[in-house]
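What follows draws every value from the coordinates through simple rules; no lab data is involved. A quick note: this is a predicted structure, and the numbers were derived from the prediction, not measured. Every residue, glycine among them, receives a Cβ derived from its backbone with ideal geometry; neighbour counts consider all protein chains shown.
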Amino acid sequence: MNAIIRQSIANGEVKAPPSKSMAHRMLICAALADGTSRIENIAYSEDILATIDCIRAMGATVEENKDTVTVTGIGGKKITHPVEFYCRESGSTLRFFVGIALGVCPEAVFFGSKRLMERPQSVYEKICSSQGIVFETGESIHIRGNISPGEYELAANISSQFISGLLFALPMLDNDSTIRFNTDIESGSYIELTIKALSEFGIKVIWTDEKTLFIEGNQTYQCTDTVVEGDYSNAAFLDVFNTIDGEVTVTGLKEDSIQGDRVYKELFEKIKETKPTIDLSDCPDLGPVLMAAAACNNGAVFTGTARLKIKESDRGRVMCDLLSEFGVDTVYDEDRIEVKKCTLKTPAKAIDGCNDHRIVMTAATLLSITGGQISGAQAVRKSYPDYFDVIKKLGIEVETDGMD
């Protein structure tokens, strides 16, 4: 899909989309629970559809009715047959379900896009190697065997998705476990989101100190009815218009949310006032939109950017290339990116969306200033399928040529 965006300013009020991060976690907990759960405020992005596919593959029953999903879970029972999981392009889905499969499936095969299969799985590979479990990678991931309860020592400067995957599985094992982190914790807010979701479904995970989690064994997920809160990660792509002369009010966000990306509001203010140094370690998904805001205001220096390499695209390099199309100078280093203040120019060619939803939304933000075109704009379906409709209602002039 191509999207043509003309110079326009966003104004109006808009409700934040549902949190994709919490929806993943709640759906998984419901699928593992004993009984039927009802989860409201679900948006059917490609990533959430991938998770729904996978909980069905495990044997859970799923009914979809508008923005509400009803799930009858498997009751934490061991699965007795091999399972095939189709994860589309969702890194969260893949890493969460690998952990779950290691807990309850005798054998599992995971499929997904080429880019997804290329994303690192070293944490699980090491765990499986140490416990004699088959873990084969390639065009798919094939595992055979189950992890044991006990002590797990992990680096915490890895993707939190591995840690969450273990946290879903370990409570169902027949003895207690601990996870000890031997580095400073990055993306800690995502671990807290998992612990919060687990708690809602009756599972206790306890911090015994700042680097150790205790997980009691033989726990059973309990069914519950719950509502997905608004998503700060995607709300940032609406609120960003306020950094470029727009007047947008975003509603539906919990002020006391533990989402790490809630920091975007504070960071936007800093970018408007000065040229700040911003550490992306705990909010890597905000990298592209913060860089766009920086380019339009006072510039910024971003640290903790090495983790952007393993997203849907190599986001650090892609953002530097994208900004250069608008005449913005950047300095790229291994774990640091500087974005310099600049007057944007109209790109000479269509911006490549790089099959990355956050790159497409970032490009749309900048093109609302200069005008221009995005190719591969359908990537927004991954997390925010009605994004273009939403910004059109805010006054951004958008034309799309279909969703193929």
| message | Over all directions, the average projected area of the alpha-carbon convex hull for the chain comes to how many nm²? | response | 18.0 nm²
| message | Over 10 Å intervals from 0, what percent of Cα-Cα pairs in the stretch 106-174 sits in each interval? | response | 17, 54, 27, 1
| Cα extents of the stretch 1-72 along the three principal axes, largest first, in whole Å? | 52, 27, 20
| request: Calculate, in nm to one decimal, what ASP225 and LYS196 gain on full extension: separation in residues at 0.36 nm each, minus their alpha carbon distance. | output: 9.0 nm
| said: Multiplying the sequence separation of ASP333 and GLN131 by 0.36 nm and subtracting their Cα-Cα distance, what value in nm do you get? | reply: 69.0 nm
| 0 to 90° range, to nearest 10: angle between helix 122-131 axis and the chain longest Cα axis | 10 degrees
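Output the antiparallel fraction of DSSP beta bridges having both residues in the stretch 269-404, as a percent to the nearest 5.
That works out to approximately 60 percent antiparallel.
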| query | Quick one: helix 315-325 against the long Cα principal axis of the chain, what's the angle to the nearest 10°, folded into 0 to 90? | reply | 10 degrees
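Kindly provide the Kirkwood hydrodynamic radius of the stretch 20-212 in Å, to one decimal, from all pairs of distinct alpha carbon atoms.
16.6 Å
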| task | Treat each spin label as a single point 7 Å out from the Cα along the C-beta direction, and report the ASP53 to GLU118 distance in nm. | result | 1.9 nm
| message | I'd like the distance between the alpha-carbon centres of the stretch 205-244 and the stretch 290-365, rounded to an integer number of Å. | response | 27 Å
| request: Report, to the nearest 10°, how far helix 46-58 tilts away from the longest principal axis of the Cα atoms in the chain, using its own Cα long axis and a range of 0 to 90°. | output: 10 degrees
| task | For GLN373 and THR346, calculate 0.36 nm times their separation in residues minus their Cα-Cα distance, and state this gained length in nm to one decimal. | result | 8.7 nm
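Write out the trypsin sites (Lys or Arg not before Pro) in the stretch 9-92 meeting two conditions: DSSP loop, and at most 10 other Cβ atoms within 10 Å of their Cβ.
Here the trypsin sites (Lys or Arg not before Pro) that fit, given the DSSP loop and packing criteria, are LYS66.
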| note | Over 19 Å (Cα to Cα) among LYS78/LYS196; LYS126/LYS382; LYS15/LYS392; LYS114/LYS382 -> LYS78/LYS196; LYS126/LYS382
